[in-house]
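Undergrad: I have a structure I would like to understand better, so I am pasting it below and will then ask my questions one at a time.
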Amino acid sequence: MITAETHKGHTYYRCGRKQGLCFQPYLREESLTDQVRAEVEKIALPEEAAGIMLQDIKKEMTQSTLSYERSVQALNMISKNLDTELNSLLDMFLKKDISKEEYHRKRSDLVAQKLDLKAKLDELERNAEKWFEPWLEFVNWSKGLNKALISYEVRAQATALKKTSSNLQILGKKVLLTVEPPFAFVAAGHVSGNWGG
């Protein structure tokens with residue numbers, strides 16, 4: 001736990017000593033702010049990289065939509081064929097071409113196939129483009145961190161670190177943290193300059 005204290009017009013942060021005596025030195029607010037800003041810069045997605053990613057997402061969404069539509073058409077065609085078979089089966093039963101037992105057995109099989117198709121259609125509809133939502137949210141949110149950096153809004157920067165990192169500590173006047181996935185990807189992109197993949 002960190003405690004803030006003001007002395008001679010400056011704010012200093014120190015260990016709250018919740019677990020006994022602590023020998024960590026005080027950290028001046030300006031230094032803490034600069035370090036937090038530097039950490040947020042590591043997880044802020046550059047506008048150009050975000051633009052490329054958003055284009056890739058749109059392309060993937062278009063391909064996914066086409067694939068979804070083809071799958072739905074194919075399943076609907078199979079469903080129509082099953083309806084035709086059910087009607088033919090009923091006609092055969094009414095003409096007494098097949099026994100009652102055979103009719104019920106074949107009808108049960110066809111109805112089971114129809115239910116299976118319905119489940120597949122429902123699953124396709126539920127999953128259509130759903131997996132793009134977290135990707136879009138991640139890119140837009142990480143890109144939006146640039147505004148927090150430009151505005152020097154410390155609370156927004158601190159919130160960003162809480163959302164993207166774990167094990168936040170101040171040790172020896174240094175801010176230490178672990179950037180969690182997928183934001184670790186952005187931090188790695190800043191180091192390597194590679195935003196693909």
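Undergrad: Mind listing the long-range amide H neighbours of Leu176? Cut-off is under 5 Å, sequence gap 5 or more, other chains count too, H placed in the peptide plane at 1.01 Å from N.
TA: Gln169, Ile170, Leu171
Undergrad: Here are a few candidate values for Rg/Rh (Cα atoms, Kirkwood Rh): [x] 0.96; [y] 1.35; [z] 1.04. Which one was actually calculated from the structure I just gave you?
TA: [y]
Undergrad: Positive end of the dipole of the chain, charges at C-beta (+1 Lys, Arg; -1 Asp, Glu), about the Cα centre: which of Asn76, Ser166, Ala4 has its Cα farthest in that direction?
TA: Ala4
Undergrad: Against the longest principal axis of the chain, how steep is helix 132-151, in degrees 0 to 90 to the nearest 10, with axes from Cα atoms?
TA: The helix 132-151 is inclined about 20 degrees to the chain.
Undergrad: Could you run the Karplus curve 6.51 cos²θ - 1.76 cosθ + 1.60 with θ = phi - 60° over segment 36-44 and give me ³J(HN,Hα) per residue in whole Hz, x for Gly and Pro?
TA: These are the phi-based 3J(HN,Hα) values: 4, 4, 5, 5, 5, 4, 5, 10, 7 Hz.
Undergrad: How far, in degrees from 0 to 90, does helix 183-192 lean away from the longest principal axis of the Cα atoms of the chain, to the nearest 10?
TA: Computed tilt is about 70 degrees.
Undergrad: Compute the acute angle (0 to 90°) between the alpha-carbon long axis of helix 47-94 and the principal axis of greatest extent of the alpha-carbon atoms of the chain; round to the nearest 10°.
TA: Between helix and principal axis, roughly 20 degrees.
Undergrad: Report, in deg cm²/dmol and to the nearest 500, the calculated mean residue ellipticity at 222 nm for the chain, where each DSSP H run with n ≥ 4 adds -39500 (n - 2.57) and the sum is divided by the residue count.
TA: Values: 6 runs with 132 residues, N = 197.
Mean residue ellipticity, 222 nm, calculated: -23500 deg cm²/dmol.
Undergrad: Another question, if that's okay. For segment 48-133: lysine pairs with Cα atoms under 20 Å, gap of 8 or more or different chains, count?
TA: For segment 48-133, qualifying lysine pairs total 12.
Undergrad: Using a Gaussian network for the chain with springs between C-alpha atoms less than 10 Å apart, which of these wobbles most: Phe185, Phe93, Phe138?
TA: So, out of Phe185, Phe93, Phe138, the one fluctuating most is Phe93.
Undergrad: Identify the residues of segment 164-195 with backbone N under 15 Å of a label point that sits 7 angstrom from the Cα of Phe23 along the Cα-to-Cβ direction, or state none.
TA: 172-173
Undergrad: Something else now. Say we join alpha carbon atoms closer than 10 Å with springs in a Gaussian network model of the chain; which of Ala74, Ala158, Ala184 then has the biggest fluctuation?
TA: Among Ala74, Ala158, Ala184, the largest GNM mean-square fluctuation belongs to Ala74.
Where a number appears in this text, it was derived from the coordinates with a stated rule and is not lab data. Small disclaimer: the values here were computed from a predicted structure and weren't measured. As a convention, Cβ positions derive from the backbone with ideal geometry for all residues, glycine included, and neighbour counts pool all protein chains shown.
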